[in-house]
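Engineer: One structure coming up, written as structure tokens, with questions to follow.
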Amino acid sequence: MSDASAVADRRARDAARAHLTREDRGSLFRYMVMMRASEERAVRLYKQGKIPGSFYDGRGQEAISVGASFVLGPRDRTCILHRDLGAHLVRGVTPDRYLANYMGRVDGVTGGKDGNLHFADRDLGSVAMVSMLPDMALVANGMALAFKLRGEPRVAMTFFGEGSTANGQWHEGMNFAGIHRLPVVFILENNRFAYSTPNELEFAVDPVERAHTYGFPGLNVDGNDVEAVFEAAREATERARAGDGPTLIECQTMRMHGHGAHDDMRYVPKEMVAEWEGRDPIDRYAERLVSDFGFSPSEVEQIRGEVGTYVDECAAKALESPMPEPQLAREGVFADRWEALGDGRAPWSRWSQYDVPTNGASRAAGNGEAT
Amino acid sequence: VTVTAAASSTTGEMTYLAAISDALRFEMARDPSVFCLGEDIGAFGGAFKVTDGFVEEFGADRCLDTPLAENAIIGAAVGAAIEGLKPVCEMQFADFISCGFDQLVNVAAKLHYRQGVAVPMVVRLPSGGGFSGGPFHSQNPEAWFLQAPGLKVVAPATAADAKGLLISAIRDPNPVCYLEHKGLYRHVKGEVPAGDYTVPLGEARVAREGGELTVVAYGSSVHLALHAAEELGEDIEVLDLRSLCPLDREGILASVRKTSKALVAHEATRACGVGAEVAALITEEAFEDLDAPVRRLTAPDVPIPFSPPLEQATLPQLEDMKEACRELLAY
């Protein structure tokens, strides 16, 4: 981490104090733990041969998807990527549906139509990613364009890795967002590798430096500090909502597993992994909850325990879900009508202070919390 | 299959190009969620002037000039469509969809299948050759889209269908590729119903009734077939497909069962084109009704060359059409 970003992180941390309640902090921790526990459970299912294809996770990157998505209001919209399970959980997707999706079961979010993290619940305000990167940044632009044209104070948020920034579509997307000052927040996860390709073979200039050339701010934050990510995303969404345009937030992190379960990471120096293990976002936040925010160690352990039990229940539920009927393969190619996306859950306490009209949120409420 | 265009209270003759503008204008006035985006479509009115005057009439926000970035155009349309707008993208030339192809075939086409999210958008594709546009301004890329399940594909031949199919495409909850043939823009004129006028997607039209041979065509080839039939003075039926996906399978089969002979004609290249699909359909479903092999009249499998004699040598000509009809009639 550079000195400059360390300074920015301290500033963000101070600011976050003003915006997060004790309960919010418990939620941030809970969602990170839920992501980790869900993915660990999924790895076991993969090793048991219950997941067809390969398996991909976001281990070590939990603070990013959780911290960033935590700022969103119900009517904001997301395109969530494959290292970002935490954002799905925050918005209201439950681990059983994630696990069922990985196993190709009928109760998975796509009902078996797509696997991996290539899903999104339309009733929770999200549009499913495709494998081509960073395609969803351009789709997020389109949603933001609709908000802008209609004068709605809503925000689109999307995620992509640093690998995506090498693709020409990334330039098209950033340029378009800058021209129209779209209410969109770009979360760039620099996890050091695009599959096996290290940063130095991905770009000559760090991608966050490009933001100002597109006419909007770029911030560099510690991606393993959930409150730093939260605060940067909070500022960015406020800017977007106020009509001040997009923000690119580069979150410095490390992909602690291979690109997929088939990847043994032989190209990663062992000392690099060890160094980043010391910065684990969940362990770090657990310590801070105790040292800075008045949580007792037993409260922290209680959250871990509750989430573990909840994810076990979710796994059992997912395993009970049947495989889809083969005829489903031929259904749903064309739509017979358009329907609005539903709204995502918005667990940040700020949103409960407002009477925000929702439609999908009420449906999802009550089954997204671990406790 | 409809035999004639639906009657309307008031009609007016206009060009194919004006009919496209008329359809856009009508839908934009009727539905505030409809908007256009593309390169040079605003102040300039578009490379072919389809959106001439739209900025003055509807404002720059609803006739949005974009940078030269086709994936950004298609991607923005996908997102806007999901959020309830009805975008009509203009590719300046159909050829340029190659630069927006990823967003079209991987994002737009598959979202409903994967996630149940409808993407109501239109991609207007000025296509076709005949004016020395060369290999990058003359292509007929319809077959590309037909291999991407989730896209609808239409290709009007007449002014009335240009309007009716475009309004239907805008109202359809799926991504629709709308191929408008540049050679027809100002050369084809016809009566176009005023006001609200739709042509259902997936219904072919009998452009000329006949009993001895069916020419299955769309776009510019419809006019070639009609012209050939008149000059030959033979009992030839011309079936204008209008929609390539969904394809009017029953309409094709009904006509071929009546005439027992089929020629499939298009300006696009031959291999794995619409002609191949239609010929396969006929041989699979109406083999017993055939009195001759199904034949195709298409461009050869070459890029569209620039120099006039070379271009004329690739695009199907009237004499080619007449010869193909004569051969089948004599079979």
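Engineer: So A:Asn101 passes all but one of these: (1) in contact with a helix residue (DSSP H, G or I) (Cβ under 8 Å, 6 or more places away or on another chain); (2) buried (at least 20 other Cβ atoms within 10 Å of the Cβ). Which condition number does it fail?
Structural biologist: Every condition holds for A:Asn101 apart from (1).
Engineer: Answer yes or no as to whether A:Val185 is out of contact with any Lys or Arg (no Cβ under 9 Å at 6 or more places or on another chain) and touching a residue at least 24 places away in the same chain (Cβ under 8 Å).
Structural biologist: It is false that A:Val185 is out of contact with any Lys or Arg (no Cβ under 9 Å at 6 or more places or on another chain) and touching a residue at least 24 places away in the same chain (Cβ under 8 Å).
Engineer: Moving to a separate point now. Could you tell me whether A:Ala144 is closer than 21 Å to B:Gln103 by Cα, more than 14 Å from every other protein chain (Cβ to nearest Cβ) and at pLDDT 95 or above?
Structural biologist: Numbers: closer than 21 Å to B:Gln103 by Cα: yes; more than 14 Å from every other protein chain (Cβ to nearest Cβ): no; at pLDDT 95 or above: yes.
For A:Ala144, the condition - closer than 21 Å to B:Gln103 by Cα, more than 14 Å from every other protein chain (Cβ to nearest Cβ) and at pLDDT 95 or above - is not met.
Engineer: Could you list, in sequence order, all residues of the stretch B:254-311 that are among the basic types (Lys, Arg) and either free of Cβ contacts under 8 Å to residues at least 24 places away in the same chain or closer than 19 Å to B:Ala330 by Cα (or both)?
Structural biologist: Hits for the stretch B:254-311 are B:Arg257, B:Lys258, B:Lys261, B:Arg295, B:Arg296.
Engineer: Quick check on A:Gly115: is it more than 9 Å from chain B (Cβ to nearest Cβ), in contact with a Leu (Cβ under 8 Å, 6 or more places away or on another chain) and either under 19 Å from A:Ala233 (Cβ atoms) or not acidic (Asp, Glu) (or both)?
Structural biologist: no
Engineer: Whether any residue in the stretch A:253-265 is touching a Leu at 6+ places or on another chain (Cβ under 6 Å) and either surrounded by 16 or more Cβ atoms within 10 Å (Cβ to Cβ) or farther than 20 Å from A:Ile80 by Cα (or both) is what I want to check. Spell out the reasoning first.
Structural biologist: Of all residues in the stretch A:253-265, those touching a Leu at 6+ places or on another chain (Cβ under 6 Å) come to none.
No; the residues of the stretch A:253-265 include none that is touching a Leu at 6+ places or on another chain (Cβ under 6 Å) and either surrounded by 16 or more Cβ atoms within 10 Å (Cβ to Cβ) or farther than 20 Å from A:Ile80 by Cα (or both).
Engineer: Ok, one more. Every residue in the stretch A:302-345 that is touching a residue at least 12 places away in the same chain (Cβ under 8 Å), under 30 Å from B:Pro173 (Cα atoms) and touching a helix residue (DSSP H, G or I) at 6+ places or on another chain (Cβ under 7 Å), please.
Structural biologist: A:Gly332, A:Leu341, A:Gly342, A:Asp343, A:Gly344, A:Arg345
Engineer: With respect to B:Leu125, determine if the residue is touching a Cys at 6+ places or on another chain (Cβ under 8 Å) and within 14 Å of chain A (Cβ to nearest Cβ).
Structural biologist: So B:Leu125 does not fit the description; no.
Engineer: Limited to the stretch B:156-196, what total is found for residues that are among the basic types (Lys, Arg) and within 14 Å of chain A (Cβ to nearest Cβ)?
Structural biologist: 1
Engineer: Tell me yes or no: at least one residue of the stretch B:85-93 is among the β-branched types (Val, Ile, Thr) and more than 7 Å from every other protein chain (Cβ to nearest Cβ).
Structural biologist: Yes - at least one qualifying residue is present in the stretch B:85-93.
Engineer: Looking at this structure, is A:Gly92 modelled with pLDDT of 95 or more and small (Gly, Ala, Ser)?
Structural biologist: Yes: the conditions hold for A:Gly92.
Engineer: Given the conditions (1) assigned to a strand (DSSP E or B); (2) more than 14 Å from every other protein chain (Cβ to nearest Cβ); (3) over 23 Å from A:Asn141 (Cα atoms), which single one is not true for B:Val153?
Structural biologist: B:Val153 satisfies all of (1) assigned to a strand (DSSP E or B); (2) more than 14 Å from every other protein chain (Cβ to nearest Cβ); (3) over 23 Å from A:Asn141 (Cα atoms) except (2).
Engineer: Next question, about the same structure. Being surrounded by fewer than 23 Cβ atoms within 10 Å (Cβ to Cβ) and hydrophobic (A, V, I, L, M, F, W, C) is the filter; apply it to the stretch B:35-49 and report the residue that is nearest to the other protein chains (Cβ to nearest Cβ).
Structural biologist: The extreme case among them is B:Ala43.
Engineer: Now, a different point. Within the stretch A:178-229, track down each residue that is charged (D, E, K, R) and in a helix (DSSP H, G or I).
Structural biologist: So the first thing to find is which residues in the stretch A:178-229 are charged (D, E, K, R), and the list is A:181, A:189, A:192, A:200, A:202, A:206, A:209-210, A:222, A:225, A:227.
Matches in the stretch A:178-229: A:Glu200, A:Glu209, A:Arg210, A:Glu227.
Engineer: Among (1) in contact (Cβ under 8 Å) with a residue 12 or more places away in the chain; (2) within 7 Å of another protein chain (Cβ to nearest Cβ), which single condition is A:Thr158 missing?
Structural biologist: (2)
The values are calculated or read from the model by the stated rules, or taken from the named source; none is laboratory data. Since we're looking at a predicted model, the values are computed, not measured. Neighbour counts are summed over all protein chains in view; Cβ atoms, including those assigned to glycine, are modelled from backbone coordinates with ideal geometry.
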